Amino acid sequence: QEGKLLVRLFGRDGPLSSTVWEDASVRSGWVEGVHSMMHHLPALHFLCNGGGIDVIFTLQGDPSLFVASAAGQLLVHVLTFSVESETTKPLGTKDCDWPACAQMIIKHIEDSLRSSSASHIQQSLKLLSSLFRSCHATWTEVLWLGIEKQIESFLTEETVQVQHMLANLLLNMSWSPVFHESEGNFWPLVTSALEHLAPVQAGPLAVGILRLYKSPQDVRIQALTVLLQPMECILRAASQPPEYAGLLDESVGDLTTVESLLSSKSSCASLLCQTLARLEELLSLMRSPIDLPYTSLLRSLTAILQFCNGFLRPASPLGSTISRILINCFRVQRSALDVLAALAEQKCCDTVMGSVFDVLLAYLESPNTSCTVLKKTFQATSKWLVSLQELSCSNSQWQQAEKILEDVFLVLQKHLCSPSWEVRDSSLEFLTTLIKYLRDQDEFRQSLLSSEVPRLTESLLEDPESYVRASAVTAVGYLAFITYFAPESPVTGNQSNKENTVAKLQEILSTDPEGFPRRAVISIFIKWLRQGCTGQLEDTEQFVSRVIQTVQRDLDWEVRLGGLELVEIFCSQTICQLGLRKCPYAPVSSAVPSSIHQNESLQVFCRANLFSFLYRSLCDCDKPIGQRACDILLSLRCSFYPTSTLKDSQETGDSPSGQGLAWLRRTLRQGSLAQNFPTDGSNGVDFQDPENMIIALGTIEFEDLHDELNRCSDHVEKSPQSLLQDILATVGTVEENEVDCY
C-alpha cells in the first residue's frame, strides 16, 4: 500500500500533473505527507529516484511562504536521514563518500550558491541555516568546508543582497559545538562578517556571539565593538572634545557608517532602538559572559535621554543633528529607560549616580513626558532608588539619598493630582513599589511621612476611575505597613486611623461597582493576614468573619477565590497557634490532636462562619472556587482526623459515601449535610454547631468530590453540548429538567 502511495506521490500521474496542485493547501499537504514517510529507507530511495526530490527543490521557491518553509524543512530532514541511516564511517569531502540522496541535495545547494539567481542563493542559505541550527553532527563541518569560500565571497559581493541571511547562518553555526573548535576558517569568517555587515545586520550576530561562553576572545571583542559603536557615537556627539573616556578605544576603526545612519531621520531612531534592545538582552542574562563598560554606557544613555527631551545643547554638528531628530522621540526614550533600569542592578555605577537621578527627575518633572514614558521613568527611578539605598554608607551619600527622596516625593505629589488617570495610576504603582522595597529604611519612611503623599494616596480611594481606585487600595495597603503595622509607628492616633483605613477598604469590598478595586482589597487583606498584621486571634477572627460575609455574596469569582485564600491562611494560623498542628515549616507531628484543641479550633471556625462559606463555595458555579474549597476542607479534615481515626469514623458512622456534588447541593437546600445532622431550626444547616461540623468533616467523601470537580467538562472542552451537560449536572435531577434544558 505504501508503494502504491509513493507511485501516486512521485509518478508521472501524480499531483504535479493535476490542476489540484494549484491549491497551496494541496502542495502543503503533499510536503507533509512526504515528511511523514521519511523514516523508511525504501521511501527515501523512491523519493530520490522517482523525481520527488526535484519537486521539493521547486517548492523551495513556492509563492506560499508556508509551503516554501515546509519544503526547506523537508530537505533538511531528508539530508539528515540519508546521512545518518546510510553511512557507517566518517564522511570525507569526496562525493563518493556520501549517500546518493545526500549527494543530490548537496549538489543542489552548491549549484544554487554559485548561480546568479538571488532567490536560489537565498533558498540555499535558508536551508543551511535550518540545517546547522537543528543538526550538530560532525559531518556538518565536512559539508561546510566545501562551501565556505563561496559563502565568504557574499560578504563583499554588492550585486547579491543576502547579508541579513549570512548573519543568521553564522549565528546558527556559532551555537553548534561542531564549530567551537573548528579547524576551518569559521571564526575568522565571523570576524569578517562583523566588520563588513551593516550595523543593523551585524547587531543580532554580535549579541549571539557575546552570549556564547566558548567563542574566541578576539571575536568577542569585535562583537562588542559592533554593539557599542552607536553608543560611542552618541558620547562623541554629546560634547566635542569628549569630556569623559569613551566606550571604545580610539583605534577601533571608522565610525563613518554609524554616524551617517545616526544623521539620517529615517534610520537614527531605528538603529538606537535596536542597539538598546540588544543591550537590554545582554543585561538580562543571569550570568553575563561579557563585562560591559558600565560607567561610559550610563553616560551615553543619559546623553540619549537628554537629546530626546531637549535638555542637552551639543557643541558638535553631529550632536545638533541627532538632537533635532530625537526630540520627543517616545520609542527611543522608552528603550533607553529600559536599559537604564537594567543597569541599576549593576553595583559599579555609583560614580555617575547623581547625573542619572538628574535625568530621571527631569523626566518626572517635565510636562512633555508622555504617559508611557513616565511609567518607564517611574520603573527606572524605583530601581535606582533601591540601588542608592544599598550603596549609601557615607554621610555625604546619606545626604544625597535624602535630597533625592525629597525631590521624588515632591514630584510624586504633583502626579497624584494629575488630570490624567494613567498618570495617577502609574504614580500609585510607583509608590507601592518603593514601599515594597524600601519600607525598612529610616530615611525613606521619614521622607514619605513628611510629605503629602499618604494623604493624597488615601484620597484616591474615591477616584472616578476603577483602575486608579484599585491601585490606591494596593498603595494604602502597603502604606499601612509603615503607618500602622510597624513596631514603632510614627503616626499619631494609630489605632483609630488603622480602624478607619480597614473600614474604608471593607466598604470598597462591599460597595464598589467595579471588580478591580474589590480584588485589590481582598489581595491586601490576604497580605496583611499572611504577615500577621491583624492582631490577636480574637481580632483576626472578627476580621476574617466580616470579610467572608461580604465576599461570599460577591459576583466576581476572583474575589470569592481570594476569600477562600484568606480562609485557608486563617485556618492554618489558628491551628498552629492552638497547637493542633505544627507550623508548615516544622516537622509534622503524628500525635493524635487533643480534644481540647479540637473543640477550641472548631469553635473559632464556627463563630467566624468559615464552614458556611466553604460548603457553599464547594457548590459554586465557578469550578476554581469549588476546587479550592474542597482542598481546604480536605486539609481541615487531615488536621482533625488522623488517618486511623478517620477510617474508624467512616466505618462506624453514617457516611454519605459515593454521593457527589448534586447530593451536596440537595442536602444544603434540605437542611442537613447527612442523615440526622442537626439544623439551625430554620430548615438550614447549622454551620455554627461544632459537633455538626466535625461529623461532616469525618463523613463526607471529599476525595470523591475533588475528583468530580476535576472532571467538569467545561475545563476540557467548551462546546454547547459540554455546557448543557454541566447545566444538567448542576440541576441534579435529569429526568425533571432534561427536556426544558435542551
Checklist entry - Which percent of Cα pairs goes in each bin when the distances of the range 15-108 are cut into 5 angstrom slices starting at zero? => result 2, 13, 25, 24, 17, 11, 5, 3, 1
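Run the numbers for LYS504 and SER263: contour at 0.36 nm per residue of separation, minus the present Cα-Cα distance, in nm.
Gain on extension, LYS504 to SER263, equals 81.1 nm.
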Item to check | Projected label distance in nm at ILE327 and TRP421, using a 7 Å step from Cα toward the beta-carbon | outcome: 3.4
Next on the checklist: For a Förster distance of 45 Å, can you work out the FRET efficiency between the beta-carbons of LYS149 and HIS35, rounded to the nearest 0.05?
Outcome noted: 0.90
Item to check | Mean Cβ neighbour count within 10 Å, used as a protection proxy, ranking 497-509, 122-134 highest first | outcome: 122-134, 497-509
Checklist outcome for this item: Here FRET efficiency (C-beta to C-beta, GLN603 to ASP442, R₀ 41 Å, nearest 0.05) is 0.40
Checklist entry - So how much slack lies between GLN536 and GLU365, counting 0.36 nm per residue of separation and subtracting their Cα-Cα distance, in nm? => result 57.1 nm
Checklist entry - Under a plain spin-label model, where a point goes 7 Å from the Cα along Cα-to-Cβ, how far apart in nm are THR511 and GLU465? => result 2.3
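For GLU86 and GLN346, FRET efficiency with R0 = 51 Å and r from the beta-carbon atoms, rounded to 0.05?
0.45
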Item to check | Over 21 Å (Cα to Cα) - which of LYS436/LYS498; LYS376/LYS527; LYS383/LYS527 fall in this group | outcome: LYS376/LYS527; LYS383/LYS527
Item to check | Stretch gain in nm, segment LEU391-SER496, where the contour uses 0.36 nm per residue and the Cα spacing is subtracted | outcome: 34.0 nm
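Would you please calculate the Kirkwood hydrodynamic radius of the range 198-371 over all C-alpha pairs and express it in Å, rounded to one decimal?
One decimal place: 16.3 Å for the Kirkwood radius.
No value in this document is a laboratory result; all are computed from the given coordinates. Fair warning: this is a prediction, and the values are worked out from it, not measured in the lab. Note: ideal-geometry Cβ built from the backbone for every residue, glycine included; neighbour counts use all protein chains shown.
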